[in-house]
Each structure stands twice: as structure tokens, then as C-alpha cells.
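To start, the structure itself, in C-alpha cells.
Taken together, the values in this text are just the output of simple stated rules run on the coordinates, not laboratory data. Remember, it's a predicted structure, so these values are computed and weren't measured experimentally. Here the Cβ is made from the backbone with ideal geometry for all residues, glycine too, and neighbour counts use every protein chain on show.
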């Protein structure tokens, strides 16, 4: 085992353990351990995001990347390669199975798309959507050795999207878009950051049942850059008030096309979250 491989394997164990992922989830641990982060963030030194802004790493040693840090891809727009522990929590919650079809919205330069590809394996597929042309071009190069991945330099908020078992969104939305929900097969899972304009939001996991029934629960708190095409100012205000109550654990289902009732936790444009189980 060479030096960087040792760093990656320790990183994979540390990140997943901190995320509460059981050691029995060897597929996720191996995905982190065998994916070279430096390939996706470009040459160093790197800008690392902190509460006080970006700070620069002291050198271009790739070993510095194998920590729970957020690394700039386009720092001027705060587009980053996101925090590994957060994504480990999310990927564990999605429980990607071998052979499943995946859509990744907001792929950046492809690091987390690569992890999704390793989880679904060579018999599965990943459609990676990235709106920024230069990032999409880099992602296509970075993912060229994974034939199950297709990079699409276009919005993941305009439809239709391919039918899928997993839809993972890496940018903050105020709405679970119809184009996302409609793409889910029965049993399919959508995980995305539901976020107000200011402050903390949370990752919402939506699972499709029969017909138009959707179970929903919040996985963890999260802050992301805005998802272009998935934001609404009025809904953002409603979300800010809902999250301020501190009771997001009560959410059990997502409804759409019906009027909210007394179980409504928060309502948006044609959808609402309910504290009652899915029908």
C-alpha cells in the first residue's frame, strides 16, 4: 500500500464512522477508499472553505485532501467539492443497490458521481447533470474511466429526466420539483437539500410508493448553494418559519396536488409535507 492509498483508506474509515455508517457497509467505505479526490478538485494548493471564508492549504500534497473539508471548485461563486461526512450520511441513507439507475443533479467535477457509480456498479448507470459548462467538461474527463456514467452539461431541473431508482441533488432547492418526483420508479428515492434563503435547511429523503404516494423524512441538517431553477421566494420564507420551529422530525410524507390539511408541516407550490404517514 502506497502513502496516498493509506491516506484514502484511513479517510474512508474516519469519514464513514463520523457519519454513523456501520462498518458492515463495506461498499460505501470501499467507494471512498478507492476514489482519488485530488483527481476531481484539480492541482493544489487548494482553497478550503471555513466559517471565516476560504483559506489556502500550505502545499499541493494530495494527502491534505483526505480530511473532512470542503474544497473550492469555483471559489468566487462558492461552488465546492462538498463536505465528505455530509455526503457519507446522504449516500448511506440512499442505500444504493448494485444495478440501480441513478440521476445526480449538480455533479460538479464528478467526485460524488464517481462514488455513486461505484455503489451501483458496472450493471447500473449514473446520469450526472452539471449546469456549469467548464465543470461539466472536467467531470466528463474525470469520469471517463467509468463507462456506466454519462455526463450531461445541462440543467437537472428541466425535464423530463430519465426514469431512475435514485435521484441525488447537490444544490439547495425550495421545492421537490415535479420533474424529480416523476422520474422516480416505484421504490425510488429522491434526496435533496430543502433550504430557505438564509440559515440551515435539511436533506429531505422522499421514497415513492404506489402511484403518487411518497414517504418523506429529514436525514440531517444541510446548507448548499442555490439550485438554479428550483427556488421560490415565498416558499423560502415558509421554509424558514418551519425550520425555526425545530420539529422537522415530525415529517412523514410528501403530498402533491391536494390542499394542505391540519397535518401540514410546510406547504409550497403544489406540494406540502405532512406529519401523517403516506397514504
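So the values come out like this:
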| quantity | calculated |
| --- | --- |
| Looking only at the stretch 74-100, and only at residues there that are in contact with a helix residue (DSSP H, G or I) (Cβ under 8 Å, 6 or more places away or on another chain) and under 23 Å from residue 137 (Cα atoms), the one that is surrounded by the most Cβ atoms within 10 Å (Cβ to Cβ) | 84 |
| Tabulated pairs, the stretch 131-154, first in contact (Cβ under 8 Å) with a residue 40 or more places away in the chain and at positive phi, second part of a helix (DSSP H, G or I) and surrounded by fewer than 19 Cβ atoms within 10 Å (Cβ to Cβ), C-beta under 6 angstrom, 6+ apart or interchain | none |
| Residues (in contact (Cβ under 8 Å) with a residue 40 or more places away in the chain and under 23 Å from residue 73 (Cα atoms)) located in the stretch 17-53 | 31, 32, 34, 35, 37, 39, 40, 41, 42 |
| Filter pass, residue 277 being over 30 Å from residue 108 (Cα atoms) and either touching a residue at least 60 places away in the same chain (Cβ under 8 Å) or in contact with a helix residue (DSSP H, G or I) (Cβ under 6 Å, 6 or more places away or on another chain) (or both) | yes |
| Test result for residue 249, part of a strand (DSSP E or B) and surrounded by fewer than 18 Cβ atoms within 10 Å (Cβ to Cβ) | no |
| Subset of the stretch 23-35 (residues that are part of a loop (DSSP other than H, G, I, E, B) and either crowded, with 17+ Cβ neighbours inside 10 Å or under 19 Å from the mean Cα position of the chain (by Cα) (or both)) | 25, 35 |
| Residues located in the stretch 161-175, provided they are touching a residue at least 60 places away in the same chain (Cβ under 8 Å), part of a strand (DSSP E or B) and under 15 Å from residue 130 (Cα atoms) | 167, 168, 169 |
| Unique match (being closer than 30 Å to residue 121 by Cβ and in contact with a strand residue (DSSP E or B) (Cβ under 9 Å, 6 or more places away or on another chain)) among 75, 20, 42 | 42 |
| Of all residues in the stretch 5-16 being crowded, with 16+ Cβ neighbours inside 10 Å and touching a residue at least 40 places away in the same chain (Cβ under 8 Å), the one that is farthest from the chain's Cα centre (by Cα) | 7 |
| Residues being closer than 24 Å to residue 13 by Cβ and touching a strand residue (DSSP E or B) at 6+ places or on another chain (Cβ under 9 Å) - total across the stretch 93-107 | 5 |
